[in-house]
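To start, the structure itself, in structure tokens.
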Amino acid sequence: MTQSITFTNPILEQRADPWVYRHTDGFYYFSASVPAFDRIEIRRARTIEELKDAEPVTAWRKRDTGPMSANIWAPEIHFIDGKWYIYYAAAHTSETNEGLFDHRMYVLENESANPLEGEWVEKGQTRTRWESFALDATTFEHRGIRYLVWAQKDPDIPGNSNLYISEMENPWTLRGEQVMISTPEYDWEIIGFKVNEGAAVLHRNGRIFIGYSASATDYNYCMGLLTADENADLLDPASWVKSPEPVFQTCEANGQYGPGHNSFTVTPDGQTDILIYHARNYKEIEGDPLYDPNRHARAQVIHWREDGTPDFGVPVPDGKAVAEVEQ
């Protein structure tokens, strides 16, 4: 039977840093930062459009004090070796030191077949070579090796965060070399802050693509792209080529500002790639953009160029059906 699949932006209001994962059970699982930054919510639905009406379940709440007591950011839900994992960042305070928050990366585990049920167990901090600002961990497997990609502050490099990659010993522990694969260098990556963050991985057409976000979280926020050949050594920085221009950015004509912190998913038939991201529908923000709650989760179809590279286009306007895929 042929089914028409549509979704209309925003797919979920006031949910920044959206992550959508389509599991083998036919459900889309959704996680994101909530405006209060105080908990991790997950929900699921059969379609992207139905996520907005899905009942959220609180998987975990912040501690009253200590390292995981403030600014719970950007949770990602993954299914690895028969168990569910949530990667998230948390801090011990909402205050900043020389413009930097104090986040570290943490992992939760759930053995239940349905992650909206069962118990989420803290697996602790994912430790890197430095005890410094670290966030936005994402994970993927390639040719039997599991990798982590994340953003972190190197104390010896000016700016907020660079992107790193490492092999993993298990879903919460790194092993071996930790390699920097991107640092903010272009003008569009250093507006307001020198930021590379929010990485997400897409493997297509013989290449591994990493979409990431750059600059401050206002209308200057945008997406960059790293590309590596699937046969390359992913731990060699030379394997990764950065697009010199942003691949997805503010579109004033469509009323979309600061699109970023993306993830990737697919249509139910697995044939069409979908970009998930957040953006605002206004430009001027009062106060710190971080605490403006109106970064809404959005989605749109990724098109592919003849050379096998993704064309993200421009952020589509609100209220318009952004995909109609026959399956």
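Annotations
- Loop-located chymotrypsin sites (Phe, Trp or Tyr not before Pro) across segment 46-133 with a Cβ neighbour count of 11 or fewer within 10 Å are lacking, with loop assigned by DSSP.
- Looking at segment 290-319, none of the chymotrypsin sites (Phe, Trp or Tyr not before Pro) sits in a DSSP loop with at most 16 other Cβ atoms within 10 Å of its own Cβ.
- When you filter the GluC sites (Glu not before Pro) in segment 248-289 for DSSP loop state and at most 11 other Cβ atoms inside 10 Å of their Cβ, you are left with Glu284, Glu286.
- Backbone amide hydrogens, once placed in the peptide plane, bring Met105 within less than 5 Å of Thr126, excluding anything fewer than 5 places away on its chain.
- Cα gyration tensor shape for segment 96-167, rounded if a/c is under 1.5, else prolate or oblate: oblate
- Extent along principal axes [Cα atoms of segment 73-138; Å; largest to smallest]: 43, 23, 16
- P(r) weight above 30 Å for the chain, C-alpha pairs, percent: 28
- Dipole magnitude for segment 111-259: computed about the Cα centre from +1 point charges on Lys and Arg Cβ and -1 point charges on Asp and Glu Cβ, it is near 140 debye.
- Along the axis of the charge dipole computed for the chain (Cβ charges of +1 for Lys and Arg, -1 for Asp and Glu, origin at the Cα centre), the listed residues Asn231, Leu51, Ser132 are led at the positive end by Leu51.
- If you wrap the Cα atoms of segment 1-142 in a convex hull and average its projected area over all directions, you get 10.6 nm².
- Backbone HN-Hα couplings from phi across segment 115-131 [Karplus 6.51/-1.76/1.60, Hz, Gly and Pro as x]: x, 6, 10, x, 10, 8, 9, 6, 9, x, 7, 7, 8, 10, 5, 10, 9
- Accessible carbon and sulfur surface of the chain relative to its total accessible area, %, 1.4 Å: 45
- Peptides 163-169, 11-17 ordered by packing proxy, namely the average of other Cβ atoms within 10 Å per residue, highest first: 11-17, 163-169.
- Span from the segment 213-237 Cα centroid across to the segment 261-322 one, whole angstrom: 16
- For q = 0.14, 0.18 Å⁻¹, Debye-computed log10 I/I(0) when each Cα of segment 227-327 counts as one equal scatterer: -0.68, -0.99
- Mean separation of Cα contacts under 8 Å, 6 or more apart, over the residue count of the chain: relative contact order %: 17
- Over 23 Å apart at the Cα level, from the set Lys153/Lys242; Lys62/Lys194; Lys52/Lys320, are Lys62/Lys194.
- The charge dipole of the chain, taken about its Cα centre with unit charges on the Cβ atoms of Lys, Arg (+1), Asp and Glu (-1) only, comes to about 380 debye.
- Translational diffusion of segment 208-262, µm² s⁻¹ [Kirkwood Rh, Cα pairs; Stokes-Einstein; 25 °C; 0.890 mPa s]: 202
- Think of a 1.4 Å ball rolled over the protein heavy atoms: segment 61-184 then has 43 Å² of accessible area per residue.
The values are calculated or read from the model by the stated rules, or taken from the named source; none is laboratory data. All values derive from a computational prediction rather than experimental measurement. When we count neighbours, we look across all protein chains shown, and the Cβ atoms used for this are built from the backbone with ideal geometry, even at glycine. For accessibility, only protein heavy atoms count, side chains too; no ligands or nucleic acids. Shrake-Rupley method; radii C 1.70, N 1.55, O 1.52, S 1.80 Å.
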